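**Student:** Just passing along the structure, written as structure tokens.
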2 protein chains.
Amino acid sequence: MRIVLDAMGSDACPVPDVEGAVHAAREFGDTIILVGDETRIKAELAKYPTTGLPIEVVHASQAVTMDDTPSKIVKGKPDSSIHVGLQLLEDSKADAFVTCGNTGAVLAVATTAKVRRIQGIHRPALSSIVPFGERHVVLIDIGANADCKPEYLVQFALMGSVYAEKALGTQKPSVALLSNGEEEGKGNELTKSTLPLLMASGLNFIGNIEPKEMLQGHADVIVSDGFVGNMVVKTLEATSSMAFAQIRNAAKQDIRGIIGGLLMKSVVGKIRKKFDPFEIGGAPLLGVNGVVIIGHGRSNAYAVKNAIRQARLAVAGDIVNTIRQGLARQPQTSDHATNH
Amino acid sequence: MRIVLDAMGSDACPVPDVEGAVHAAREFGDTIILVGDETRIKAELAKYPTTGLPIEVVHASQAVTMDDTPSKIVKGKPDSSIHVGLQLLEDSKADAFVTCGNTGAVLAVATTAKVRRIQGIHRPALSSIVPFGERHVVLIDIGANADCKPEYLVQFALMGSVYAEKALGTQKPSVALLSNGEEEGKGNELTKSTLPLLMASGLNFIGNIEPKEMLQGHADVIVSDGFVGNMVVKTLEATSSMAFAQIRNAAKQDIRGIIGGLLMKSVVGKIRKKFDPFEIGGAPLLGVNGVVIIGHGRSNAYAVKNAIRQARLAVAGDIVNTIRQGLARQPQTSDHATNH
């Protein structure tokens, strides 16, 4: 397997990106193609013993910054590491593209300039794999499409199901629609219009789900528009960070807290790890003609390696072809998708 | 001050409702008018020493259950404790109405049958008062209106500001719009259309806010549509409950955890208390012709008493008249509100 890594992706690039690539090449044995500023990548690579490791470097003369607007990048930086990396994917010179770069830029380049959306897909969507209860749950969309139509959400459900089954190994994944109540009358106009379509979709749809039941792991795939999904994921991350930070601070306030905190350190650490987005490492962008995994800008080497692991699983599960086949089997919706 | 309490509100009614009323009458000295099944209320009251306490009982022959649909209640249960309680408010025989009953039913009765919305208000909204950072933050709307127009959100901002200033004592409250990014281009169609209206509103509007900054207390009033607000509040509650439950479980797994857990119990308890919705007790329904506070169905007596405290603060702050005056000063929006 050949996996492209955008070496200019993370906030601290290329340091964690290159280190993560080295760990991945060693642990997984796949070829990692580092794309970006060749000089900087090679200088970074020189810090590690890489003799015999399947690591290649492809130069890209431009890098994307957080200040670049997506539209500016698509046209104005044709030799960015995102463009060059996705081009390798489009040319079948690699099986997956992994980046910790600007999500908006990756979305824009992947959907409009390189690889592009799968024929028949209305809107590609960003998903996140989160450990809830005993499951790895796929949340989709977590931010690619702030405004959605019901037929988009039905395709998100399909793509999320395919990912859960093929990349995460979930048998007959259950799909739920995120809403403000489980009863059929609950929801906003979008979810109320989406509900009957999901019921007729042929997927293992179990109805509306509220955030509490989502966190308890009552479904394998949680569908929402990208605005709501983004708000929910960000609230979840911020709340758990804050709760743990407050406990950490509290464990410094008096001698009982200090001793108690030290004794509990390992168990709290294990829980923190469960909530840690870096454990999964990357969010799959689903609905484009290739495996694209987007990691957090703040990723460390460990997160980069785990994002590469997500890419391997997605490639091994042949998710792109499985989504294509799933689309062919779905009932047609009124709003036909066209590729342009 | 005279405050009506729906004695048939909470899931365990009338037990916590009556006990909370007794505590409130004793602590605050205001008259509490208990509305509901007179026989059951009096039997419950008999458990407490109430001689000299300003408690009155008004009979209502019907009670609302969680299974009743709002529309069924409005027409079909005209003598419910919600109807009778709100009628006292409408007739100026009381200053506020507090209930831990079915939120949908209270909303429906308050907006369509009794008290009704304030002249010029497009949609009343449900708000929640949450301790974030060092502030008490007003979130509005947290569930009354799943689908909103920009001009509704502008009024939510006004009503939230009035509540923050008059009931919570916040000087010149800052208002932010909940969104998936702070930059102006971020958001969905609704928030993007709302942004310029809020900028021109004359309120102390500080722009978009993300969940993380919301939780850190960067603004006094957070505006969203009722679907997004509901999702965010429920995610916040579920995440913090889960984090603390996991820590509690972890503190039972080995001897170090048990001792550590015992030592940290008081500090963790203090933090839990900060996240506890029962500390505030009730969510104000804003935009109707009276002070209406809705508590959680699972409220205990402590939560009921605190909901009554919220009502007192809102009455003392004269929030209904202040909202009326604020409306008169706001720039007119295209979609005129009519009362019907």
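**Student:** What's the buried accessible area, both sides, between A and B using a 1.4 Å probe, rounded to 100 Å²?
**Tutor:** Details: alone 15700 and 15690 Å², together 27170 Å².
Counting both chains, the buried surface is close to 4200 Å².
**Student:** Now a separate question. Note down the nm distance, to one decimal, between modelled labels 7 Å out along Cα→Cβ at residue B:249 and at residue A:329.
**Tutor:** Calculated label separation equals 3.4 nm.
**Student:** Convex hull over the Cα atoms of region B:127-278, averaged projected area in nm²? Working shown, then result.
**Tutor:** Values: hull surface 39.3 nm².
Orientation-averaged projected area of the Cα hull: 9.8 nm².
**Student:** How big is the charge dipole of region A:202-275 about its Cα centre, in debye rounded to the nearest 20, if each Lys and Arg gets +1 on its Cβ and each Asp and Glu gets -1 on its Cβ?
**Tutor:** Charge dipole, region A:202-275, about its Cα centre: 600 debye, nearest 20.
**Student:** Using the 7 Å Cα-to-Cβ label point, sort the distances from residue A:131 to its equivalents in the other copies shortest first and give them in nm to one decimal.
**Tutor:** 3.1
**Student:** What do you get for GluC sites (Glu not before Pro) in region B:91-176 restricted to DSSP loop and a cutoff of at most 12 other Cβ within 10 Å of the site's Cβ? Write out the running numbers ahead of the final one.
**Tutor:** Working: sites: B:134, B:151, B:165; in loops: B:134.
Sparse-neighbourhood loop GluC sites (Glu not before Pro): B:134.
**Student:** With labels modelled as points extended 7 Å from the Cα through the Cβ direction, what inter-label distance (nm, one decimal) is found for residue B:39 paired with residue A:318?
**Tutor:** Taking the two extended label points, one gets 7.1 nm.
**Student:** Only sites in a loop by DSSP and with at most 14 other Cβ atoms within 10 Å count here; which trypsin sites (Lys or Arg not before Pro) in region A:212-313 make the cut?
**Tutor:** A:252, A:298
**Student:** Quick one: dipole size for the protein assembly as shown, taken about the Cα centre, charges +1 on Lys/Arg Cβ and -1 on Asp/Glu Cβ, in debye to the nearest 20. If you can, show how the numbers build up before the last one.
**Tutor:** Values: 70 positive and 70 negative charges, 246 e Å.
Dipole about the Cα centre, nearest 20: 1180 debye.
**Student:** Then there is this: Residues of region B:18-159: accessible area per residue at 1.4 Å, in Å²?
**Tutor:** On the way: 5520 Å² over 142 residues.
Accessible surface, normalised per residue, equals 39 Å².
**Student:** Something else now. Given 4 °C and 1.567 mPa s, compute D for the protein assembly as shown with the Stokes-Einstein relation, Rh being the Kirkwood radius over Cα pairs; round to the nearest whole µm²/s.
**Tutor:** Stokes-Einstein gives a translational diffusion coefficient of 48 µm²/s.
**Student:** Rg and Dmax of region B:1-109, Cα atoms, in Å?
**Tutor:** For region B:1-109, the Cα radius of gyration and maximum Cα-Cα distance read 13.0, 40 Å.
**Student:** Nearest 0.05, what FRET efficiency do residue A:79 and residue A:51 give at R0 = 35 Å with Cβ-Cβ as r?
**Tutor:** On the way: r = 30 Å, r/R0 = 0.86.
E(calc), rounded to 0.05, equals 0.70.
**Student:** Out of A:286, A:168, A:190, any idea which swings most in a Gaussian network model of chain A, alpha carbons joined below 10 Å?
**Tutor:** Comparing A:286, A:168, A:190 in a Gaussian network model of chain A, the most mobile one is A:190.
**Student:** Along the charge dipole of region A:125-279, Cβ charges K/R +1 and D/E -1, which of A:155, A:243, A:223 sits furthest on the positive end?
**Tutor:** A:243
**Student:** Calculated FRET efficiency, residue A:69 and residue B:273, Cβ-Cβ r, R0 56 Å, to nearest 0.05?
**Tutor:** So, using R0 = 56 Å, E works out to roughly 0.80.
**Student:** Of A:251, A:219, A:311, which is the most mobile in a GNM of chain A whose springs link Cα atoms less than 10 angstrom apart?
**Tutor:** Maximum fluctuation in the GNM of chain A, among the listed residues, is at A:251.
**Student:** Then there's this: What percent antiparallel are the DSSP beta bridges of chain B, to the nearest 5?
**Tutor:** 30 percent
**Student:** Mind jotting down the distance between the C-alpha centroids of region B:189-212 and region A:111-138, whole Å?
**Tutor:** 30 Å
**Student:** Sorted from shortest, what are the nm distances separating the label point of residue B:38 from equivalent points in the other copies, each placed 7 Å from Cα along Cα to C-beta?
**Tutor:** Result, one decimal in nm: 9.3.
**Student:** Could I ask something else about it? Can you run the Rg to Rh ratio on chain B? Use alpha carbon positions and the Kirkwood inverse-distance Rh.
**Tutor:** Radius of gyration relative to Kirkwood radius: 0.99.
**Student:** Nearest 20 debye, what's the magnitude of the dipole of region A:125-279 about its Cα centre given +1 on Lys and Arg Cβ and -1 on Asp and Glu Cβ? Before the final figure, lay out each step's value.
**Tutor:** Numbers: 16 positive and 17 negative charges, 179 e Å.
That gives region A:125-279 a dipole magnitude of about 860 debye.
**Student:** If ligands, DNA and RNA are left out, what is the accessible area of residue A:258 with a 1.4 Å probe, given in Å² to the nearest 10?
**Tutor:** My reading of the accessible area for residue A:258 is about 70 Å².
**Student:** Which is farthest toward the positive dipole end of region B:52-135 among B:101, B:126, B:88, measuring Cα position about the Cα centre, with Cβ charges +1 (Lys, Arg) and -1 (Asp, Glu)?
**Tutor:** Positive-end residue among those listed: B:126.
**Student:** Could you do me a favour and compute the accessible area per residue for region B:177-219, 1.4 Å probe, result in Å²?
**Tutor:** Averaged over the residues of region B:177-219, the accessible area is 44 Å².
**Student:** Using only DSSP helix segments of four residues or longer, with each worth -39500 (n - 2.57), what per-residue ellipticity at 222 nm results for chain A after dividing by its residue count and rounding to 500?
**Tutor:** That comes out to -14500 deg cm²/dmol.
**Student:** If you don't mind, there's one more thing I want to ask. What are the nm distances, shortest first, from residue A:216 to its equivalents in the other copies, labels at 7 Å along Cα→Cβ?
**Tutor:** 3.3
The values are calculated or read from the model by the stated rules, or taken from the named source; none is laboratory data. Keep in mind that what you see is a predicted model, and the values were worked out from it rather than measured. A quick note on method: Cβ atoms are made from the backbone with ideal geometry, for glycine too, and the neighbour counts reach across all protein chains shown. Ligands, DNA and RNA are stripped out before the accessible areas are found, and what is left, the full protein with its side chains, is counted by its heavy atoms. Shrake-Rupley method; radii C 1.70, N 1.55, O 1.52, S 1.80 Å.
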